[in-house]
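The values are calculated or read from the model by the stated rules, or taken from the named source; none is laboratory data. This structure is a prediction, so every number in the text was calculated from the model and none was measured. Please note: Cβ atoms are built from the backbone with ideal geometry, for glycine as well, and neighbour counts cover all protein chains shown.
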Amino acid sequence: MKLKKIVLTVAASVASLSLVAFALTFQEAGIESPEGKSIMLKDVPPEPRLYAIPPDCNLKDEESIKKLAEKGKKIFNTTSKGNCVACHCAKDSKGCGNIGPSLVGYRNGLFKAPDYRGNPKTIDWLYQKIADGRILIPKELQNIPYYNIMPVHITTGQLTAEEVCQVTAYVLSQE
Ligand code: HEC
């Protein structure tokens with residue numbers, strides 16, 4: 001009887017020790033508790049930046065706007081580019097979303113309404129809005145989810161300055 005008890009005790013100790021060793025192996029391999037914060041923080045976009053319209057981006061001349069807008073339309077509707085159509089409608093766009101305001105008739109409509117600080121919108125404002133709009137949102141609106149949705153395009157490398165020029169022209173062509 002006594003021997004049986006000793007054997008059982010030894011067996012139980014060996015079993016629990018191997019369980020601890022098993023758990024330690026997993027912890028070392030980083031399987032048990034990956035450090036979530038550092039994984040998530042690497043996706044936070046860089047600080048907001050101001051952008052000027054490049055000298056070769058002519059958004060003052062109607063003919064130039066029309067030409068640039070042809071390429072801008074593609075960027076607006078292409079998932080791997082602007083994908084603006086996921087949230088905004090434009091004239092004749094297919095399957096557009098309504099997460100952001102409709103940009104149909106933009107130039108004679110919403111563009112004429114004052115910005116969030118009560119100032120008139122300009123073409124420079126529009127370019128900045130699409131390049132990295134975060135700077136244009138006043139502090140008191142920044143924590144309201146609607147004003148955090150619009151993606152950042154140049155600072156994140158999603159679009160080049162030239163592509164933002166073209167898609168800005170497309171938005172301006174919505175009359
Ligand atoms: C994930 C959704 C989403 C995507 C994608 C998106 N936007 Fe927006 N956009 C919004 C929301 C929401 C607003 C309104 C709040 C704000 O001003 O940020 C907005 C606002 C705007 C405005 C400001 C209108 C005004 O005069 O007040 C313009 C212009 C605009 N978007 C253009 C674009 C363009 C061009 C693209 C693609 C390059 C794009 N958006 C992609 C959600 C989006």
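Based on this model, can you work out whether I99 counts as closer than 24 Å to N58 by Cα and near the ligand (Cβ under 7 Å from one of its atoms)? Before you say what the answer is, go through the steps one by one.
On the way: closer than 24 Å to N58 by Cα: no; near the ligand (Cβ under 7 Å from one of its atoms): yes.
Considered against the rule, which asks whether it is closer than 24 Å to N58 by Cα and near the ligand (Cβ under 7 Å from one of its atoms), I99 comes out as no.
Pairs linking a residue in the stretch 90-101 that is part of a loop (DSSP other than H, G, I, E, B) to a residue that is exposed (fewer than 13 other Cβ atoms within 10 Å of the Cβ), with Cβ atoms under 8 Å and 6 or more positions apart or on different chains, are I99/I149; G100/I149. In the set (1) over 21 Å from the mean Cα position of the chain (by Cα); (2) within 15 Å of the ligand (Cβ to nearest atom); (3) in contact (Cβ under 8 Å) with a residue 40 or more places away in the chain, C87 fails one condition alone, (1).
Filter the stretch 7-49 down to residues that are surrounded by 10 or more Cβ atoms within 10 Å (Cβ to Cβ) and in a loop (DSSP other than H, G, I, E, B) and give me whichever is modelled with the lowest pLDDT. If we take residues in the stretch 7-49 being surrounded by 10 or more Cβ atoms within 10 Å (Cβ to Cβ) and in a loop (DSSP other than H, G, I, E, B), then E32 is modelled with the lowest pLDDT. Restricting the stretch 102-135 to residues that are surrounded by fewer than 11 Cβ atoms within 10 Å (Cβ to Cβ) and not polar (S, T, N, Q), the residue that is nearest to the ligand (Cβ to nearest atom) is A113.
V152 meets the conditions (1) out of contact with any Pro (no Cβ under 6 Å at 6 or more places or on another chain); (2) within 12 Å of the ligand (Cβ to nearest atom) in every case but one. The failed one is (1). Condition (residue is among the aromatic types (F, W, Y), within 23 Å of E47 (Cβ to Cβ) and in contact (Cβ under 8 Å) with a residue 60 or more places away in the chain) applied to the stretch 112-134: is it met by at least one residue? Yes, the stretch 112-134 contains a residue that is among the aromatic types (F, W, Y), within 23 Å of E47 (Cβ to Cβ) and in contact (Cβ under 8 Å) with a residue 60 or more places away in the chain.
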